[in-house]
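Structure, as structure tokens:
Laboratory data are not the source of any read-out in this text; all were calculated from the coordinates shown. Fair warning: this is a prediction, and the values are worked out from it, not measured in the lab. Virtual Cβ from ideal backbone geometry, glycine too; neighbours counted across all protein chains shown.
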Amino acid sequence: MSRNSETILIVDDSPETRLLLKRTLSARGFTTHGAESAAEAVALLNQTDVDLVITDLRMPGASGMDLVRHVRENLPGTEVMMITGYATVEGAVEAVKTGAEEYLAKPFTDEELFAAVDRVLEKLRLRRSLERGGEGAGRFGILGESEAMREVFRVIEKAAATKATVLITGESGTGKELVARAVHYNSPRAKAAFVPVNCGGIPEGLLESELFGYVKGAFTGAAETRAGFFQTAEGGTIFLDEISETSPAMQVKLLRVLQEREVAMVGQSRGRPVDIRVLAATNTNLRRLVERGQFREDLFYRLNVIALELPPLRKRGNDVLLLARHFARRFAGEFDRPLPLFTDRALEVLLGYSWPGNVRELENLIQRLMVLSEPQRKDDRAVIDAGDLPEHLRYCVNAARGVERSLAEVEAEHIQRVLEAQGGNKTRAAAVLGIDRKTLREKIKRYDIPD
Ligand SMILES: Nc1ncnc2c1ncn2[C@@H]1O[C@H](COP(=O)(O)OP(=O)(O)OP(=O)(O)O)[C@@H](O)[C@H]1O
Ligand SMILES: [Mg+2]
């Protein structure tokens, strides 16, 4: 355990306790300071950077509780731990309420002390790594350190080296377009065009001429020959986004392109060979659409040569924090503000939330938080606490650890979602939930769900 490098301030009016704690903690690599009163501690904290304050509860003068309050209010980067010989339930409750991260009752063993210190500092380290994080924590401009994302990077790397068609799947907002660009810009065709086409966003009637181009006189209004996306992508990559939205007729035409590697403009009878790399993406389960007869099986196999599945954000562990910091840094730059400071409780909420909108939802949330959180003085860092996060995130704590959630938590979250989906209409929400309005009203009140 010689890797400990944090600074700990020990506050106790008993010189023996101070010395003992200093010796024990120094042996573990910590830098230690001592203070015999809360007042001396405050003076020292003004001059020195301290990571953790371990304070006695009862001391002459200001109490340990006052010190905890002082640190909580003035030093958001410092953790506090309370030690006392007067272990009472009330004392413990109050210590935690005031903001002490840990509460240790005398007498305690060295092991108990180290365990408590480790728990507190783990959070601190997480937050620190987060502040540093972002730079280089990922590849191809895609952030992520989780095993799930490392696998994605491996597939991108392999796919980029080939000309094979890639089907990118993943929930909305997981970064499919980002990945498509990464494949193209790391491939030998990086210098040629990357042409994204939103198949779901172009009206059916237009999609064909947009994709394939048309020759003069092909239809009324075709005053001159115009290139389509396929011609523009010659030598480069075409990205067919939302591929599941294409009509059966369009699916046949795309299949022909992938089979023959030829493209015919609208109004041309014969196709011309093209050198185009095809990437496609969808946030629906294409295989299921195939089973239901809503998507051509042959086209599915032509697209799914390399399958690249993006994990939802809730399966990426601490990447959530990495991304949160990255977006915070980006918006801090845009708004010309210092980086905000996330409290441990806020981080826990972010980690526990299920992120149905994935990275995009996180990006939007951080942007909104930074707009709303006004620091007291311009150069101060805004502090973002759990209470600053939207309600539906807080109800979702522990979603990642799904088996540790209480029924009430799940119920509150579900009610909130149904209410949102019904535009706040309680009669309709009650009907969906299968309960009467009175019960719904009671639950809304009990869980403090905003109207
Ligand atoms: N791993 C990541 N690192 C950094 N930014 C990311 C990451 N993943 C996604 N983003 C950002 O999140 C936003 C959404 O990503 P993107 O548009 O690629 O998602 P998508 O899967 O195509 O979503 P949709 O299904 O809604 O089209 C973008 O602003 C993107 O830059
Ligand atoms: Mg997209």
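Projected onto its three principal axes, the C-alpha set of segment 137-205 covers 43, 28, 18 Å, listed from the longest axis down. Each Lys or Arg adds one and each Asp or Glu takes one away; over the other residues whose Cβ falls under 15 Å from the Cβ of residue 208, this sums to 0. The gain in end-to-end length when the residue 105 to residue 249 segment is fully stretched comes to 44.5 nm, 0.36 nm per residue minus the alpha carbon separation. As a calculated quantity, the FRET efficiency between residue 161 and residue 410 at R0 = 45 Å, using C-beta atoms, amounts to about 0.50.
Can you pull the Rg over Rh of segment 315-446, Cα-only, Kirkwood? Walk me through the numbers on the way to the answer.
Numbers: Rg = 16.8 Å, Rh = 16.2 Å.
In segment 315-446, Rg relative to Rh is 1.04.
Rounded to the nearest 10 degrees, the inclination of helix 176-185 to the longest alpha-carbon principal axis of the chain is 70 degrees.
Maximal additional length on extending the residue 339-residue 284 stretch stands at 16.1 nm, based on 0.36 nm per residue less the C-alpha distance. If you plug the beta carbon distance of residue 48 and residue 373 into 1/(1 + (r/R0)^6) with R0 = 35 Å, you get a FRET efficiency near 0.80.
Measuring how big segment 139-309 is from its alpha-carbon positions, Rg and Dmax come out at 16.2, 54 Å.
Between helix 437-446 and the chain there is an angle of about 50 degrees, using the helix long axis and the longest principal axis of the Cα atoms. Kirkwood radius for the chain, taken over all pairs of different Cα atoms as the inverse mean of 1/r, rounds to 26.3 Å. Using the Cβ-Cβ distance between residue 115 and residue 445 with R0 set to 30 Å, the FRET efficiency works out to roughly 0.15.
Residue ranges 381-388, 309-316 sort as 309-316, 381-388 when ordered by packing (mean number of other C-beta atoms within 10 Å per residue, highest first).
Per residue, the chain reaches -14000 deg cm²/dmol at 222 nm when only DSSP H runs of four or more residues are counted, each adding -39500 (n - 2.57). With kT/(6 pi eta Rh) evaluated at 10 °C and eta = 1.306 mPa s, and Rh the Kirkwood radius from Cα pairs, segment 256-362 diffuses with a coefficient of 88 µm²/s according to Stokes-Einstein. Under 5 Å between amide hydrogens, built in the peptide plane, is the criterion, and for residue 195 it picks out 237, 238, 239 among residues at least 5 positions away or on other chains. Need the C-alpha centroid separation for segment 222-243 versus segment 252-293, integer Å. Using only Cα atoms, the two centres lie 12 Å from each other.
By average Cβ neighbour count within 10 Å, what is the ranking of 106-119, 71-84 from highest down? If you can, show how the numbers build up before the last one.
Values: 106-119: 13.6, 71-84: 19.1.
Final packing ranking: 71-84, 106-119.
To the nearest ten degrees, helix 248-260 and the longest principal axis of the Cα atoms of the chain are 80 degrees apart. Based on DSSP, what percent of beta bridges with both residues in the chain are antiparallel, to the nearest 5? In the chain, approximately 10 percent of DSSP beta bridges are antiparallel ones.
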